[in-house]
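The values are calculated or read from the model by the stated rules, or taken from the named source; none is laboratory data. As the structure is a prediction and not an experimental result, all values here were calculated from the model. Here the Cβ positions follow ideal geometry from the backbone for every residue, glycine too, while neighbour counts run over all protein chains shown. These accessible areas exclude ligands, DNA and RNA; they are computed on the full protein's heavy atoms, side chains included. Shrake-Rupley method; radii C 1.70, N 1.55, O 1.52, S 1.80 Å.
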Amino acid sequence: MTLNPQIAAVTDRIRKRSEATRGAYLDLMAKAASNGPRRGHISCSGQAHAFAAMGEQKGDLAAGKAPNIGIITAYNDMLSAHQPFETYPNLIKSAARAVGATAQVAGGVPAMCDGVTQGETGMELSLFSRDVIALAAGVGLSHNVFDAAVYLGVCDKIIPGLVIAAATFGYIPSVFLPAGPMVSGLPNDEKAKVRQKFAIGEATREELMAAEMAAYHGPGTCTFYGTANTNQMLMEFMGLHLPGASFVNPNTPLRDALTVAGIERAAAITSLGNEFRPVCDILDEKTFVNGLVGLMATGGSTNLVLHLPAMARAAGVILDLEDFDDISKAVPLMAKVYPNGLADVNHFHAAGGLQYLINDLLDAGLLHDDVKTVAGDGLSHYRNEAELKDGRVSYRAGPKKSLNEKIVRPVSDPFATTGGLVQLAGNLGRGVMKASAVAPERHIVEAPAKVFHTQDAVKAAFKAGELAQDTIIVVRFQGPRSNGMPELHGLTPTLSIMQDRGLKVALVTDGRMSGASGKVPSAIHVSPEAADGGPLAKIQDGDIIRLDATSGTIDVVGVDLDTRDLAVADLTGNGNGVGRELFEVFRQNVGRASEGAGVVV
């Protein structure tokens with residue numbers, strides 16, 4: 001199938017924009033790769049330190065003739081998504097030995113949960129944890145004794161941070177090994193109803209707790225299609241997972257077999273063999289465009305509008321919001337997974353999932369097939385779905401028809417003719433909106449502004465009866481420079497109740513709203529942020545704001561912002577408590593949200 005002209009045009013624009021940075025990156029990677037197996041170049045004393053605990057495999061490591069695989073793990077047992085990784089290192093080491101390789105845990109990276117820290121002080125460290133993860137992975141791999149790396153991570157900032165690290169060490173192969181989603185519990189829409197009832201006093205805290213515990217009930221990722229599961233989708237569309245690996249439940253025979261197969265593949269593609277496949281060759285502009293296509297086709301998390309530019313920048317590829325917008329116009333919405341629909345990711349996987357979508361998008365010319373992946377040359381490898389045969393992973397052709405058209409549909413008959421995200425630009429700056437979750441009749445909202453500097457202030461005003469009219473709620477000084485850009489997902493019940501009461505309501509913020517953002521129109525990531533002199537700092541109560549997702553605009557109407565002074569917020573309290581003291585250097589040096597809000601890239 002001929003590549004869609006708009007996909008081709010965006011790809012060419014990215015390639016031209018990135019020509020200098022990508023070229024410089026590849027030159028660095030080639031120079032690093034030319035040094036040969038890493039551990040052969042360190043001192044005998046250094047090698048002795050590195051191999052001292054490896055028992056009978058010391059000789060293999062010292063000889064340097066067998067591949068040594070570094071494991072970067074985000075394991076902790078507080079978070080369900082990462083708890084399954086507890087058993088992975090031993091399984092990985094055993095699988096490596098079976099193919100004549102070795103494996104060592106190179107280091108651990110932090111994995112925090114935005115679900116736990118929603119509305120809490122710790123959320124102000126969340127976005128910055130992405131850069132910490134990249135740094136920590138870099139430290140783990142800095143010993144320079146690995147021929148390939150495998151990355152154990154799933155959730156919101158973990159995968160983006162690990163991809164940044166993988167790109168930095170792009171001269172060796174990288175394989176990403178997921179843990180999978182928890183099995184389905186209380187449906188997400190039923191959980192959301194209890195949250196809304198609690199917000200207006202119609203449900204007790206005990207009822208709320210029971211609903212939450214029934215929804216989040218076991219090992220694995222949350223089952224809604226938020227940032228964690230969007231990350232997993234991306235790893236397949238970008239060829240960093242093995243085909244069919246993303247949504248297999250933890251602690252199942254197929255899950256373990258996929259992990260073993262991932263290690264076998266990592267060992268096969270090092271420079272010591274005949275299939276050398278460094279990850280720098282995978283992470284090119286076509287691969288990132290494929291990731292953008294997957295994001296739009298599935299209605300994925302708005303957080304990836306921050307993460308994809310940062311990940312790409314680490315590989316010398318420069319993405320812009322216009323790329324997201326133009327690809328969204330070319331790619332139809334093919335999936336309805338909560339919060340965009342009632343199904344969870346397990347239902348999505350059963351209905352045909354990623355293999356169905358990739359197959360149909362390739363046939364429609366909406367994906368680049370001529371890419372490198374960890375599975376081999378060509379994204380067509382990912383048309384196939386994994387199955388267990390005699391205890392090992394086997395592949396068969398994935399479904400060519402949807403098994404449930406309430407959940408996934410073909411390109412020819414999608415849920416919407418355009419993708420999930422819209423760029424918004426105007427005299428208030430640049431931002432994005434997750435239009436796929438919002439009813440079409442709410443894509444245009446024009447109403448008076450009510451300005452707040454915290455989400456708690458919004459909740460207090462609602463409880464006091466001050467938000468009983470059409471309102472565009474402006475929550476500013478929530479950007480990365482202000483306070484680390486915490487998610488404002490805690491506003492979702494309040495805003496949903498206002499909308500359900502028949503009010504015109506929208507949110508405009510320089511903060512984040514998360515992959516679980518729902519049905520209320522929300523202009524998020526508005527950049528420049530208020531603390532960086534952005535126009536949001538000049539908005540006053542009563543100003544008329546027009547948010548128009550159909551034309552891609554966001555403006556204050558009838559106001560000359562140049563005549564106004566910037567509002568100043570007292571941000572001194574953002575610098576201490578629950579670790580915030582340690583991140584002052586991050587707040588001072590972070591980039592703009594429109595460029596990925598990066599510190600290390």
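Angle check, please: helix 188-199 long axis (alpha carbons) against the longest principal axis of the chain (alpha carbons), in degrees 0 to 90, nearest 10.
Helix 188-199 sits at roughly 40 degrees to that axis.
Heavy-atom accessible area per residue, the range 142-223, 1.4 Å probe: how many Å²?
35 Å²
As an exercise, use a Förster radius of 35 Å and the Cβ-Cβ distance of ASP77 and GLU190 to find the FRET efficiency, rounded to the nearest 0.05.
Computed FRET efficiency for ASP77 and GLU190: 0.80.
When only Cα pairs under 8 Å and 6 or more residues apart are kept, what is the percent relative contact order across the range 406-497?
The value is 19 percent.
State the extension gain, in nm to one decimal, for the chain segment bounded by ARG15 and VAL105, taking 0.36 nm per residue of separation less the distance between their alpha-carbons.
Details: separation 90, 0.36 × 90 = 32.40 nm, distance 3.58 nm.
The ARG15-VAL105 span can extend by a further 28.8 nm.
If you average 1/r over all unlike Cα pairs in the range 347-465 and invert the result, what Kirkwood radius do you get in angstrom? Kindly include the intermediate steps, with their values, before the conclusion.
Details: mean 1/r = 0.0542 Å⁻¹.
For the range 347-465, the Kirkwood estimate is 18.5 Å.
Pulled fully out, how much extra length does the chain show between GLU581 and GLU441, if you take 0.36 nm times their separation in residues and subtract their Cα-Cα distance?
Value of the extension gain: 46.0 nm.
Averaging the inverse of every distinct alpha carbon separation and then flipping it gives the Kirkwood radius. What is it for the range 259-410, in angstrom units?
For the range 259-410, the Kirkwood estimate is 16.8 Å.
Enumerate the whole-percent occupancy of each 20 Å bin, from 0 to the last occupied one, for all C-alpha pair distances of the chain.
So the P(r) values, bin by bin, are 21, 55, 22, 2.
Quick one: if you stick a label point 7 Å off each Cα along the C-beta vector at ALA63 and ASP562, how many nm between them?
With each label point 7 Å from Cα toward Cβ, the separation is 7.5 nm.
Grab every C-alpha pair in the range 1-82, bin the distances at 5 angstrom width from 0 up to the longest one, and report whole percents.
3, 10, 11, 11, 10, 10, 12, 13, 8, 6, 4, 0
Among DSSP beta bridges lying fully in the chain, give the percent that are antiparallel, nearest 5.
On the way: 28 of 58 bridges.
Rounded to the nearest five, the antiparallel share is 50 percent.
Treat each spin label as a single point 7 Å out from the Cα along the C-beta direction, and report the ASP570 to ASP456 distance in nm.
1.3 nm
Note the angle between two axes, namely the Cα long axis of helix 19-33 and the longest principal axis of the Cα atoms of the chain, as a number of degrees from 0 to 90, rounded to the nearest 10.
Value to nearest ten degrees: 30.
What pairs from LYS16/LYS336; LYS93/LYS157; LYS450/LYS519; LYS157/LYS519; LYS191/LYS389 go past 28 Å between their alpha carbons?
Checking Cα-Cα distances, LYS16/LYS336; LYS191/LYS389 exceed 28 Å.
Given 0.36 nm per residue, what is the gain on full extension from ALA52 to MET209 after removing their alpha carbon distance, in nm?
Using 0.36 nm per residue and subtracting the Cα-Cα distance, I get 51.7 nm.
Can you tell me the 0 to 90 degree angle between the C-alpha axis of helix 158-168 and the longest principal axis of the chain, rounded to 10?
The helix 158-168 is inclined about 50 degrees to the chain.
What residues from the range 549-588 fall in the zone where the backbone N is under 16 Å from a label point 7 Å along the Cα-to-C-beta line of THR121?
571-584
Please list, short to long, the whole-number percent of alpha-carbon pairs of the range 220-300 in consecutive 10 angstrom bins beginning at zero.
Bins of 10 Å from zero give 17, 41, 33, 9, 0 percent of pairs.
Given 10 °C and 1.306 mPa s, how large is the Stokes-Einstein diffusion coefficient of the range 46-162 in µm²/s, with Rh as the Kirkwood radius over Cα pairs?
104 µm²/s
Express in % the proportion of alpha carbon pairs of the range 331-410 at distances exceeding 16 Å.
Summing the P(r) tail past 16 Å for the range 331-410 gives 54 percent.
Highest mean first, how do 276-288, 92-104 rank when packing is the count of other Cβ atoms within 10 Å averaged over residues? Could you put the intermediate results ahead of the total?
Numbers: 276-288: 23.6, 92-104: 19.6.
Averaged packing, sorted descending, gives the order 276-288, 92-104.
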